[in-house]
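Shown below is the structure under consideration.
Just so it is clear, none of the values below were taken in a lab; they were calculated from the coordinates. All of these numbers come straight from a predicted model, not from anything done at the bench. Neighbour counts run over all protein chains shown; Cβ positions are idealised from the backbone, glycine included.
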Amino acid sequence: MPDQQVVSWLRDKYMIICSELDERGRRRWAAMEARSLGWGGVAAVALATGLSDRTVRNGIREIGRSDELGDRQRKPGAGRKRRECEQPGILKALDALVEPDSRGDPMPPLRWTCKSTRSLAAEINSQGFMISSVKVGELLKLQGYSLQSNRKTVEGKRHPDRDAQFRFIANRVRARSRCGEPAISIDTKKKETLGNLKNAGKTYRRRGEPVKVKTHDFPDKELGKAVPYGVYDIAINEAGVTVGIGSDTAEFAVAAIQRWGQRMGSKRYDAPRRVLITADCG
């Protein structure tokens, strides 16, 4: 059993110098201390530093053959083996998990997955392998994968009457304009939560005095939400927006169109009998 006083002394020395040494330097420092102690020195140094007995002995051998490594930290081929070499089949297991949820061309140069590295590591470990989420990320990168979200690119079949439908609408709009009757497009905008909430963008303020807003963007029952409703006059390229604080209902849509007619439409159209209304449904 190594002398505890010697072990404590070595530990104090090692804690002072270890941050300045690389792998090779730590190994050689431990070897020199072990040689200076003589019999039992390897065990004492290993206990004090946390290095293995084998590492200390390798350092002693290196001191006797100083030119063998050159500028290298280790011998060629030394060090911990790669997970994919230690555990044959782990790459195939990883690819089998990713492939059902992969996106894009199955051939290089681009593949990506929407599964997280932690969930993949957990599934692989459940099959009897040992791997960390960090290593999963490294293996995925080597195999040409990257983590991405899905993207809206798949469209439905094109309707055979699509162009005819739009030409019909355009002709009706032009006909109403020639007759001096309004043709409008209506659109419900994105609803906004009202209150002292965070918004994108910046304003000039004195340093250290930002505008203070609520931590969470929860709706205020008293204030409700703002419901913008737009009415666009196609012929004259002019629009008006009505903002409500209730629900987006048909009653609100009718009220918004009526308000447009009273405030804007009446200035251009003299008591029209008809109004053409279009909506993009998007």
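Going by a ≥ b ≥ c, the root eigenvalues of the Cα gyration tensor, does region 164-279 fall in the rounded group (a/c under 1.5), the prolate group (a/b larger than b/c) or the oblate group?
Here region 164-279 falls in the prolate category.
Which of the pairs LYS115/LYS190; LYS115/LYS152; LYS190/LYS212 have their Cα atoms more than 26 Å apart in this structure?
Beyond 26 Å between Cα atoms: LYS115/LYS190.
In whole Hz and in residue order, list the ³J(HN,Hα) couplings for region 133-140 that follow from phi through the Karplus curve 6.51 cos²θ - 1.76 cosθ + 1.60, θ = phi - 60°; x for Gly and Pro.
Along region 133-140, the couplings run 5, 5, 5, 4, x, 5, 5, 4 Hz.
If a paramagnetic tag sat 7 Å from the Cα of ILE236 along the Cα-Cβ line, which residues of region 161-191 would have the backbone N under 17 Å from that point?
Under 17 Å, as judged by backbone N against the label point of ILE236, lie 174, 176-186 of region 161-191.
Report the local net charge at ASN196: Lys and Arg +1, Asp and Glu -1, summed over other residues whose C-beta lies under 12 Å from its C-beta.
Residues close to ASN196 contribute a combined charge of +1.
Related question: Sort the following peptides by mean Cβ neighbour count (other Cβ atoms within 10 Å, averaged over residues), highest first: 232-238, 132-138, 192-198.
Averaged packing, sorted descending, gives the order 132-138, 232-238, 192-198.
Then there's this: Using modelled backbone amide H atoms (1.01 Å from N, in-plane), which distant-in-sequence or interchain residues come within less than 5 Å of ALA239's amide H?
Counting only residues 5 or more places away or on other chains, the set is ASP233.
Once you list every other residue whose beta carbon is under 11 Å from the beta carbon of VAL275, what net charge do they have if Lys and Arg are +1 and Asp and Glu are -1?
Once all neighbours under 11 Å are counted, the net charge is +1.
Give me the net charge for the shell around TYR232: Cβ to Cβ below 10 angstrom, other residues only, Lys and Arg +1, Asp and Glu -1.
Taking every other residue near TYR232 into account, the sum is -3.
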